[in-house]
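The values are calculated or read from the model by the stated rules, or taken from the named source; none is laboratory data. Keep in mind it's a predicted model, so treat the numbers as computed, not measured. Every residue, glycine among them, receives a Cβ derived from its backbone with ideal geometry; neighbour counts consider all protein chains shown.
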Amino acid sequence: MALPNKITLFFWKITLVGYVIAYPDKYEFQDIDTNMKFNLLDILNDYTESEKDHRRDSTDDPYENWTGRWMPSRPGEPTPPPKVVSNKGKDEESHHDSRVPMGVKSPDCDDGKTNLTVDWDHSVTSYTCYGQKINPDTEISPELYCDTIPKKYEAIHKCMYESIEYKDDIPTYGSHRPIWPTYGEYTYVPKQRWIHNLEHGAVVMLYHPCANSLEVERLKGVVKGCLRRHIITPYDLDETKPLALVTWGCRLTMSHVNKELVIDFIKEHALHAPENRVYKDGDFDDQLIKKSDIVSDEEDSIICFKQM
């Protein structure tokens, strides 16, 4: 707008304002030609808004003329806090979104051969005796312990890209790997594997590498003669009770073998597990020494009948 026009508009505004103040009851007038009433205050406001719009359109400020979206923000505005992104991998997130199927081999999750060092580094110290042989002590009584597992408890299958820890030294239930071991005797089997066998009703025999060899063989003979669904492996047990039997929810630790007690434990607790109808062998066989033999039948319909 030219300077003379601005001056004229300024004085015209002053005149209107002065008239309204002097004659507050006469700020309306009627046009003789059109017979329409006009309000001086409305006219003044219209001119004021029109001038503002004109200034907004004619400004040289590029920020004021910009009508698009500010990326990331308009200059001078405070910076928003950074977006927090989960550090979980896609595989881990998908695991928590859906259950990992049992027994389905997959190198991306568990095929029984990939990433096995997550559970065990294959060190010989896990199954080798470096100290003195442990003599059986008949003065030490066997100890039976059973966990109270909620009826609706469902163990989770975890893939090999995540570790599994347990609160007990000898766990009787818990999360485990999707692929379970073939039944039989092993040089060593990590607990993350054989807990899955427990869920299928198996008996797992554990023995300290330095346990008395005669006691170990006696216990092996009873277990092998009771049922096909068994796992035998060395384990880091307390030296006062270097022998143990584990079933789903229960364990029996001992210093020496009481055959009758062992048979009673197996008959009482074997096959009492959530998935006891699954009797087939698993596909994990790392460090397998000898596959188990059928005792009564493949389903172990009769427990310990050869020991009767």
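Are there any pairs with C-beta distances below 6 angstrom linking a residue in region 283-297 that is farther than 21 Å from residue 234 by Cβ to a residue that is surrounded by 16 or more Cβ atoms within 10 Å (Cβ to Cβ) and β-branched (Val, Ile, Thr), with the two at least 6 apart or on different chains, and if so which?
283/179
How do the pairs read when you match residues in region 234-261 that are more than 18 Å from residue 209 (Cα to Cα) with residues anywhere that are surrounded by fewer than 17 Cβ atoms within 10 Å (Cβ to Cβ), using Cβ under 6 Å and keeping only pairs 6 or more apart or on different chains?
249/146; 249/147; 249/149; 250/146; 251/145
So the check is Cβ under 8 Å with 6+ separation or different chains; which pairs have a first residue in region 88-109 that's surrounded by 14 or more Cβ atoms within 10 Å (Cβ to Cβ) and a second one that's at pLDDT 90 or above and assigned to a strand (DSSP E or B)?
100/110; 100/157; 102/157
When you go through 282, 201 one by one, which is the residue that is in the same structural domain as residue 180 (by TED's automatic domain parsing) and at positive phi? Quick ask: steps written out before the conclusion?
Numbers: 282 fails: at positive phi.
Answer to the check: 201.
Pick from 138, 114, 128: which is of a type in the set (Val, Ile, Thr), surrounded by 11 or more Cβ atoms within 10 Å (Cβ to Cβ) and over 27 Å from the mean Cα position of the chain (by Cα)?
On the way: 138 fails: surrounded by 11 or more Cβ atoms within 10 Å (Cβ to Cβ); 114 fails: over 27 Å from the mean Cα position of the chain (by Cα).
It is 128.
Of a type in the set (Lys, Arg) and over 20 Å from residue 287 (Cα atoms): is that true of residue 218 in this structure? First the steps, then the outcome.
Working: of a type in the set (Lys, Arg): yes; over 20 Å from residue 287 (Cα atoms): yes.
Here the answer is yes, as residue 218 does meet what is asked.
One residue is enough: does region 138-146 have a residue meeting the conditions part of a loop (DSSP other than H, G, I, E, B) and under 19 Å from residue 234 (Cα atoms)?
Within region 138-146, the subset part of a loop (DSSP other than H, G, I, E, B) is 138-142.
Checking which are under 19 Å from residue 234 (Cα atoms) leaves us with 142.
Yes, some residue in region 138-146 is part of a loop (DSSP other than H, G, I, E, B) and under 19 Å from residue 234 (Cα atoms).
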